[in-house]
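Only one structure is covered here, and it is reproduced in the block below.
The values are calculated or read from the model by the stated rules, or taken from the named source; none is laboratory data. Model, not experiment: these values are computed from the prediction. We place every Cβ from the backbone using ideal geometry, glycine too, and count neighbours over all the protein chains shown. When the accessible area is computed, the model is the full protein with side chains, heavy atoms only, and any ligands, DNA or RNA have been set aside. Shrake-Rupley method; radii C 1.70, N 1.55, O 1.52, S 1.80 Å.
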Amino acid sequence: MAPPPTPPRFLPSGDSAITVEFSRNIDDAANQRVLALDRTLASEPIAGVTETVPTYRSLLVHYDPLQIGFDALSEKLAALAQLPVPPMTSTRRWRIPVVYGGEHGIDLEDVARTLNSTPDDIVARHVAGDYRVAMIGFTPGWSYLSGLEDSLRMPRRQNPRLLTPAGTISIGGVQAGVQCLAGPSGWHLLGQTAVRTYQLRRDPIFLLEPGDRVTFYPVDAKTFAEQDRAAEQGEIVAELMAS
């Protein structure tokens with residue numbers, strides 16, 4: 001029989017939230033426990049809990065202190081966190097188009113040189129990956145992906161950029177990412193997608209969710225421009241595959 005999972009730490013976050021910390025490192029197994037607890041709280045709500053926010057290694061649980069206190073809620077969460085992680089009954093799989101290199105992926109050649117490879121080989125390795133959305137954060141729609149191939153892992157940039165384009169597809173450390181809005185980044189920019197993972201006037205507003213699977217496929221600059229125009233009008237240009 002497998003040993004019971006290591007109990008998480010329960011950390012107060014102000015006077016109305018608890019951080020349930022499963023690991024102090026980026027850890028795929030810990031992330032699966034985070035998402036499992038998040039799903040459990042969605043299906044079996046605890047009175048007083050108002051919102052949950054899953055991250056890579058912890059779950060932030062907001063609560064109403066007039067309905068439940070820190071100690072009582074910690075006990076309930078501890079019991080749920082010790083349950084075996086159930087398999088996900090269904091998983092959404094997305095294929096996301098990417099135009100790689102050139103003005104759309106200005107770090108592709110540098111990444112290839114650093115890894116003693118070629119741009120085409122880096123693209124082939126990136127496209128071959130099977131990624132999982134570990135968390136959404138930093139800016140709306142910014143999707144952090146686990147599953148980056150070991151041979152593509154490299155330190156983040158020593159000098160982060162203050163502004164990188166919307167739709168950037170990048171790698172940093174042990175992670176891959178889909179950046180929706182323009183913003184700062186210290187990751188390496190491989191390409192760009194027309195897919196809006198966040199679009200305020202679209203239904204759904206957020207496209208990707210933690211637990212979704214993601215693969216990428218290359219397109220040329222002309223196709224990217226066409227897809228970008230369609231996405232601007234609210235079209236979901238990513239492909240939703242059968243689970």
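Quick one: putting +1 on the C-beta of Lys and Arg, -1 on the C-beta of Asp and Glu, what dipole do you get for region 124-174 around its Cα centre, in Debye to the nearest 20?
With Lys and Arg at +1 and Asp and Glu at -1, about 200 debye.
So, in Å, what gap is there between the alpha-carbon centers of region 45-89 and region 165-243?
Rounded to whole Å, the Cα centres lie 30 Å apart.
Ordered by packing density, taken as the mean number of other Cβ atoms within 10 Å over each peptide's residues, highest first, how do 170-182, 187-199, 99-111 rank?
Put in order of decreasing packing, that is 187-199, 170-182, 99-111.
Which one, 158, 62, 22, is farthest towards the positive end of the dipole of region 11-158 when Lys and Arg carry +1 and Asp and Glu -1 on their Cβ?
The listed residue farthest towards the positive side: 22.
Starting from the Cα of residue 229, step 7 Å along the direction of its Cβ; do the same at residue 51; then give the gap between the two resulting points in nm.
3.9
What is the spin-label model distance, in nm, from residue 153 to residue 127 if the labels are put 7 Å beyond Cα along the C-beta direction?
It works out to 2.5 nm between the two label points.
Between residue 62 and residue 75, what length in nm is gained on full extension when 0.36 nm per residue of separation is reduced by their alpha carbon distance? Don't skip to the end; give the middle numbers.
Values: separation 13, 0.36 × 13 = 4.68 nm, distance 1.50 nm.
Between residue 62 and residue 75, full extension yields an extra 3.2 nm.
If I stretch the segment between residue 103 and residue 240 completely, what's the gain in nm (0.36 nm per residue apart, minus their alpha carbon distance), one decimal? Please report the intermediate quantities before stating the final value.
Numbers: separation 137, 0.36 × 137 = 49.32 nm, distance 2.75 nm.
Additional length available on full extension: 46.6 nm.
Working out 0.36 nm times the residue gap between residue 90 and residue 110, then minus their Cα-Cα distance, what length gain in nm do you get to one decimal?
Difference between extended and current length: 3.4 nm.
Once amide H atoms are placed 1.01 Å from N in the peptide plane, what residues at a sequence separation of 5 or more from residue 83, or on another chain, have their amide H within under 5 Å of its amide H?
Here the answer is none, since no amide H 5 or more places off falls under 5 Å of that of residue 83.
If you place +1 on the Cβ of every Lys and Arg, -1 on the Cβ of every Asp and Glu, and leave all else neutral, what size is the dipole of region 19-169 about its Cα centre, to the nearest 20 Debye?
Values: 15 positive and 18 negative charges, 24 e Å.
The dipole magnitude comes to about 120 debye.
Order 130, 71 by their accessible area, 1.4 angstrom probe, all chains in place, largest first.
Listed by decreasing accessible area, they come as 71, 130.
Long-range amide H contacts for residue 94: which residues qualify at under 5 Å (H placed 1.01 Å from N, peptide plane, sequence gap of 5 or more or a different chain)?
For residue 94, the qualifying residues are 213, 214, 215, 241.
Helix-only estimate, please: 222 nm mean residue ellipticity of the chain, summing -39500 (n - 2.57) across DSSP H runs of length 4 or more and dividing by its residues, to the nearest 500.
For the chain, the value works out to -7000 deg cm²/dmol.
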